[in-house]
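This report refers to the structure that appears directly beneath it.
The values are calculated or read from the model by the stated rules, or taken from the named source; none is laboratory data. For clarity, every value in this text was computed on a predicted model and none was experimentally measured. Ideal geometry is used to build each Cβ from the backbone, glycine not excepted, and the neighbour counts take in all protein chains shown. Quick note on the areas: whole protein, heavy atoms, side chains included, nothing else; ligands and nucleic acids left out. Shrake-Rupley method; radii C 1.70, N 1.55, O 1.52, S 1.80 Å.
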Amino acid sequence: DAKTTQPPSMDCAEGRAANLPCNHSTISGNEYVYWYRQIHSQGPQYIIHGLKNNETNEMASLIITEDRKSSTLILPHATLRDTAVYYCIVRVASGGGADGLTFGKGTHLIIQP
Amino acid sequence: DTAVSQTPKYLVTQMGNDKSIKCEQNLGHDTMYWYKQDSKKFLKIMFSYNNKELIINETVPNRFSPKSPDKAHLNLHINSLELGDSAVYFCASSQKGTHGYTFGSGTRLTVV
(Lines give C-alpha, C1' and ligand atoms only; values in the text may rest on other atoms or scores of the structure.)
Protein backbone atom coordinates (compact mmCIF):
# COMPACT_ATOMS: atom_id res chain seq x y z
CA ASP A 1 0.00 0.00 0.00
CA ALA A 2 1.16 3.51 -0.76
CA LYS A 3 2.57 5.55 2.12
CA THR A 4 0.65 8.61 3.33
CA THR A 5 1.83 11.75 5.10
CA GLN A 6 -0.45 13.80 7.34
CA PRO A 7 0.21 16.69 9.73
CA PRO A 8 0.24 15.40 13.32
CA SER A 9 -2.27 17.95 14.56
CA MET A 10 -4.57 20.77 13.46
CA ASP A 11 -6.93 23.21 15.11
CA CYS A 12 -10.17 24.53 13.67
CA ALA A 13 -12.80 26.89 15.05
CA GLU A 14 -16.25 25.49 15.62
CA GLY A 15 -18.58 26.23 12.72
CA ARG A 16 -15.75 26.69 10.25
CA ALA A 17 -14.68 24.25 7.57
CA ALA A 18 -11.93 21.85 8.60
CA ASN A 19 -9.55 20.96 5.77
CA LEU A 20 -7.33 17.97 6.46
CA PRO A 21 -4.53 17.34 3.95
CA CYS A 22 -2.93 14.04 3.00
CA ASN A 23 0.02 13.41 0.72
CA HIS A 24 0.25 10.10 -1.12
CA SER A 25 2.73 10.72 -3.91
CA THR A 26 3.39 7.00 -4.54
CA ILE A 27 -0.26 6.07 -5.05
CA SER A 28 -0.89 3.46 -7.74
CA GLY A 29 -3.60 3.65 -10.36
CA ASN A 30 -5.79 1.05 -8.70
CA GLU A 31 -5.46 2.40 -5.16
CA TYR A 32 -8.26 4.26 -3.42
CA VAL A 33 -8.00 7.01 -0.84
CA TYR A 34 -9.88 6.17 2.37
CA TRP A 35 -10.55 8.36 5.37
CA TYR A 36 -11.40 7.09 8.82
CA ARG A 37 -11.58 8.86 12.14
CA GLN A 38 -11.29 7.75 15.74
CA ILE A 39 -13.07 9.74 18.38
CA HIS A 40 -11.58 9.33 21.84
CA SER A 41 -12.31 5.90 23.39
CA GLN A 42 -14.25 4.70 20.34
CA GLY A 43 -13.47 2.43 17.41
CA PRO A 44 -12.39 3.89 14.06
CA GLN A 45 -15.27 5.10 11.90
CA TYR A 46 -15.38 5.09 8.12
CA ILE A 47 -15.89 8.58 6.63
CA ILE A 48 -15.46 8.50 2.87
CA HIS A 49 -13.38 7.11 0.04
CA GLY A 50 -12.52 8.02 -3.55
CA LEU A 51 -10.50 6.89 -6.54
CA LYS A 52 -10.18 9.83 -8.92
CA ASN A 53 -13.24 12.02 -8.67
CA ASN A 54 -14.19 14.26 -5.80
CA GLU A 55 -16.71 12.67 -3.47
CA THR A 56 -19.28 14.01 -1.01
CA ASN A 57 -21.48 12.31 1.54
CA GLU A 58 -23.40 13.37 4.62
CA MET A 59 -20.25 13.50 6.70
CA ALA A 60 -17.61 15.11 4.52
CA SER A 61 -16.19 15.91 1.10
CA LEU A 62 -13.06 14.43 -0.40
CA ILE A 63 -11.03 16.42 -2.91
CA ILE A 64 -8.40 14.47 -4.85
CA THR A 65 -5.88 16.35 -6.98
CA GLU A 66 -5.77 15.59 -10.66
CA ASP A 67 -2.42 13.78 -10.38
CA ARG A 68 -3.83 11.89 -7.34
CA LYS A 69 -0.73 12.59 -5.31
CA SER A 70 -2.61 14.38 -2.57
CA SER A 71 -6.10 14.80 -1.20
CA THR A 72 -8.05 16.92 1.27
CA LEU A 73 -10.84 15.85 3.56
CA ILE A 74 -13.29 18.66 4.22
CA LEU A 75 -15.67 18.79 7.16
CA PRO A 76 -17.86 21.71 6.05
CA HIS A 77 -19.13 22.95 9.41
CA ALA A 78 -16.99 21.48 12.16
CA THR A 79 -18.54 20.83 15.56
CA LEU A 80 -16.93 19.92 18.87
CA ARG A 81 -17.94 16.31 18.21
CA ASP A 82 -15.61 16.26 15.21
CA THR A 83 -12.58 16.39 17.50
CA ALA A 84 -10.82 13.12 16.69
CA VAL A 85 -7.79 11.53 15.04
CA TYR A 86 -8.30 11.38 11.27
CA TYR A 87 -6.56 8.70 9.25
CA CYS A 88 -5.84 8.84 5.52
CA ILE A 89 -5.28 5.34 4.10
CA VAL A 90 -4.34 4.46 0.55
CA ARG A 91 -4.82 0.93 -0.73
CA VAL A 92 -6.60 -1.20 -3.28
CA ALA A 93 -10.30 -1.76 -2.67
CA SER A 94 -10.33 -2.69 0.97
CA GLY A 95 -13.38 -4.78 1.66
CA GLY A 96 -12.68 -8.29 2.81
CA GLY A 97 -8.95 -7.97 2.36
CA ALA A 98 -6.89 -10.40 4.41
CA ASP A 99 -4.41 -7.72 5.35
CA GLY A 100 -7.03 -5.33 6.71
CA LEU A 101 -6.39 -1.61 7.00
CA THR A 102 -2.99 -0.20 7.85
CA PHE A 103 -3.28 2.85 10.09
CA GLY A 104 -0.59 5.52 10.33
CA LYS A 105 -0.36 8.19 13.00
CA GLY A 106 -3.14 10.32 11.53
CA THR A 107 -3.99 13.95 12.23
CA HIS A 108 -5.36 14.94 15.61
CA LEU A 109 -8.02 17.52 14.75
CA ILE A 110 -9.08 19.71 17.64
CA ILE A 111 -12.20 21.81 17.21
CA GLN A 112 -12.03 24.93 19.33
CA PRO A 113 -15.23 26.47 20.75
CA ASP B 1 -28.92 -3.07 16.64
CA THR B 2 -25.16 -2.54 17.13
CA ALA B 3 -23.31 -3.66 13.98
CA VAL B 4 -20.12 -4.94 15.65
CA SER B 5 -20.33 -5.61 19.36
CA GLN B 6 -17.57 -6.62 21.73
CA THR B 7 -17.73 -7.88 25.28
CA PRO B 8 -16.56 -7.05 27.81
CA LYS B 9 -15.89 -3.34 27.41
CA TYR B 10 -13.39 -3.38 30.28
CA LEU B 11 -11.32 -6.30 31.54
CA VAL B 12 -8.89 -6.16 34.46
CA THR B 13 -6.98 -9.34 35.23
CA GLN B 14 -3.79 -10.61 36.80
CA MET B 15 -0.66 -11.71 35.02
CA GLY B 16 -0.68 -15.34 34.03
CA ASN B 17 -4.44 -15.61 33.66
CA ASP B 18 -6.26 -16.76 30.55
CA LYS B 19 -9.03 -14.55 29.20
CA SER B 20 -11.35 -14.21 26.22
CA ILE B 21 -12.92 -11.29 24.41
CA LYS B 22 -16.01 -11.88 22.34
CA CYS B 23 -17.00 -10.21 19.09
CA GLU B 24 -20.18 -10.49 17.08
CA GLN B 25 -21.24 -8.75 13.88
CA ASN B 26 -24.75 -8.64 12.44
CA LEU B 27 -23.80 -7.12 9.10
CA GLY B 28 -23.46 -10.38 7.21
CA HIS B 29 -19.82 -9.58 6.46
CA ASP B 30 -17.53 -12.40 5.39
CA THR B 31 -14.30 -11.23 7.02
CA MET B 32 -13.54 -10.30 10.62
CA TYR B 33 -10.45 -8.82 12.24
CA TRP B 34 -8.79 -8.11 15.54
CA TYR B 35 -6.73 -4.97 16.06
CA LYS B 36 -4.61 -3.89 19.01
CA GLN B 37 -4.16 -0.25 20.03
CA ASP B 38 -1.33 0.24 22.48
CA SER B 39 -0.62 3.09 24.87
CA LYS B 40 0.98 5.11 22.07
CA LYS B 41 -2.31 4.88 20.17
CA PHE B 42 -0.95 2.92 17.23
CA LEU B 43 -3.57 0.63 15.68
CA LYS B 44 -2.11 -2.65 14.44
CA ILE B 45 -3.85 -5.60 12.87
CA MET B 46 -3.50 -8.90 14.69
CA PHE B 47 -5.65 -11.32 12.72
CA SER B 48 -7.99 -11.47 9.81
CA TYR B 49 -10.37 -14.38 9.33
CA ASN B 50 -12.97 -15.49 6.87
CA ASN B 51 -14.56 -18.87 6.48
CA LYS B 52 -11.64 -20.06 4.45
CA GLU B 53 -8.48 -18.83 6.04
CA LEU B 54 -6.89 -17.26 9.05
CA ILE B 55 -4.15 -14.72 8.46
CA ILE B 56 -1.96 -14.03 11.44
CA ASN B 57 0.28 -11.02 11.83
CA GLU B 58 3.68 -12.59 12.37
CA THR B 59 4.43 -10.30 15.30
CA VAL B 60 1.52 -11.61 17.36
CA PRO B 61 2.60 -14.06 20.09
CA ASN B 62 1.09 -17.52 19.89
CA ARG B 63 -0.53 -16.88 23.29
CA PHE B 64 -3.18 -15.09 21.24
CA SER B 65 -5.60 -17.24 19.30
CA PRO B 66 -8.79 -16.34 17.44
CA LYS B 67 -11.73 -18.71 17.50
CA SER B 68 -14.64 -18.42 15.10
CA PRO B 69 -17.65 -20.60 15.97
CA ASP B 70 -19.52 -19.20 12.98
CA LYS B 71 -19.36 -16.48 10.37
CA ALA B 72 -20.78 -13.82 12.69
CA HIS B 73 -18.39 -14.35 15.60
CA LEU B 74 -14.65 -14.03 16.10
CA ASN B 75 -13.50 -14.39 19.67
CA LEU B 76 -10.00 -13.65 20.93
CA HIS B 77 -8.41 -15.97 23.47
CA ILE B 78 -5.31 -14.89 25.33
CA ASN B 79 -3.28 -17.29 27.43
CA SER B 80 -0.76 -16.48 30.15
CA LEU B 81 -1.45 -12.76 30.10
CA GLU B 82 1.51 -10.42 30.43
CA LEU B 83 1.74 -6.77 31.47
CA GLY B 84 2.54 -5.81 27.87
CA ASP B 85 -0.79 -7.18 26.71
CA SER B 86 -2.50 -4.20 28.31
CA ALA B 87 -4.13 -2.31 25.44
CA VAL B 88 -7.44 -1.63 23.74
CA TYR B 89 -8.52 -4.42 21.42
CA PHE B 90 -10.87 -3.68 18.53
CA CYS B 91 -12.87 -6.12 16.50
CA ALA B 92 -13.85 -5.18 12.95
CA SER B 93 -15.61 -6.67 9.96
CA SER B 94 -15.83 -6.06 6.24
CA GLN B 95 -17.24 -7.62 3.11
CA LYS B 96 -15.28 -8.55 0.04
CA GLY B 97 -16.15 -6.29 -2.86
CA THR B 98 -17.16 -3.34 -0.68
CA HIS B 99 -15.06 -0.53 0.72
CA GLY B 100 -15.88 0.06 4.36
CA TYR B 101 -14.76 -1.55 7.58
CA THR B 102 -16.96 -1.45 10.65
CA PHE B 103 -15.27 -1.44 14.03
CA GLY B 104 -16.54 -2.35 17.46
CA SER B 105 -16.24 0.02 20.38
CA GLY B 106 -13.22 -1.73 21.84
CA THR B 107 -12.24 -3.75 24.91
CA ARG B 108 -9.81 -2.11 27.32
CA LEU B 109 -7.64 -4.86 28.77
CA THR B 110 -5.55 -4.07 31.83
CA VAL B 111 -3.13 -6.69 33.14
CA VAL B 112 -1.92 -6.12 36.69
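Can you give the average number of partner chain beta-carbon atoms within 10 Å of each beta-carbon in peptide B:40-46, as a whole number?
Numbers: counts 1, 6, 4, 13, 3, 6, 1.
Mean partner-chain Cβ count within 10 Å for B:40-46: 5.
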Hey, got the average number of other protein chain Cβ atoms within 10 angstrom for residues in A:88-99? 5
With Cα springs under 10 Å, the Gaussian network model of chain A assigns the largest mean-square fluctuation among A:Thr26, A:Thr83, A:Thr72 to A:Thr26
Could you work out how far apart the two model spin labels at B:Ser68 and A:Lys3 are, taking each label as a point 7 Å from the Cα in the direction of the beta carbon, and quote it in nm? 3.2 nm
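Taking a temperature of 20 °C and a viscosity of 1.002 mPa s, what whole-number D in µm²/s does Stokes-Einstein yield for segment B:13-112 with Rh from Kirkwood over alpha carbon pairs?
Working: Rh = 13.8 Å.
Reported coefficient: 155 µm²/s.
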Just to confirm my understanding: which cysteines in chain A have no other cysteine beta carbon less than 4.7 Å from their beta carbon? A:Cys12
For segment B:1-98, what's the relative contact order in percent, using C-alpha pairs closer than 8 Å and at least 6 residues apart? 38 percent
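If packing is taken as the mean number of other Cβ atoms within 10 Å per residue, what is the order of A:27-39, B:76-88, highest first? List each step's numbers first, then the result.
Working: A:27-39: 18.4, B:76-88: 16.2.
By packing density, highest mean first, the sequence is A:27-39, B:76-88.
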At 1.4 Å probe size, with every protein chain present, just tell me what the per residue accessible area of chain B comes to in Å². 53 Å²
Given a Förster distance of 30 Å, the FRET efficiency implied by the Cβ-Cβ spacing of A:Glu66 and A:Met10, rounded to the nearest 0.05, works out to 0.80
So, counting K/R as plus one and D/E as minus one, what does the shell of residues with Cβ under 10 Å around B:Pro8 add up to? +4
Evaluate the distance, in nm, between pseudo-label points positioned 7 Å from the Cα of A:Ala93 and of B:Leu27 along their respective Cα→Cβ axes. 1.6 nm
Among the DSSP beta bridges whose two residues both lie in chain A, what percent are antiparallel, rounded to the nearest 5? 85 percent
Can you flag which of B:Lys36/B:Lys71; A:Lys3/B:Lys67; A:Lys52/B:Lys71; A:Lys69/B:Lys36; A:Lys3/B:Lys96; A:Lys52/B:Lys36 are past 27 Å Cα-Cα? A:Lys3/B:Lys67; A:Lys52/B:Lys71; A:Lys69/B:Lys36; A:Lys52/B:Lys36
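What is the sum of charges, Lys and Arg at +1 and Asp and Glu at -1, for the other residues whose Cβ falls under 12 Å from the Cβ of A:Ile39?
Numbers: positive: A:Arg37, A:Arg81; negative: A:Asp82.
Value of the local net charge: +1.
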Cα-projected label distance for B:Asn57 with B:Met15, points at 7 Å along beta-carbon direction, nm: 2.4 nm
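Want the number for A:Ser25 to A:Asn57: 0.36 nm per residue separation, take away the alpha-carbon distance, what's left? Display every interim value, and only then the final one.
Numbers: separation 32, 0.36 × 32 = 11.52 nm, distance 2.49 nm.
Stretched fully, the A:Ser25-A:Asn57 segment lengthens by 9.0 nm.
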Average beta carbon contacts from partner chains per residue of B:85-92, 10 Å cutoff: 1
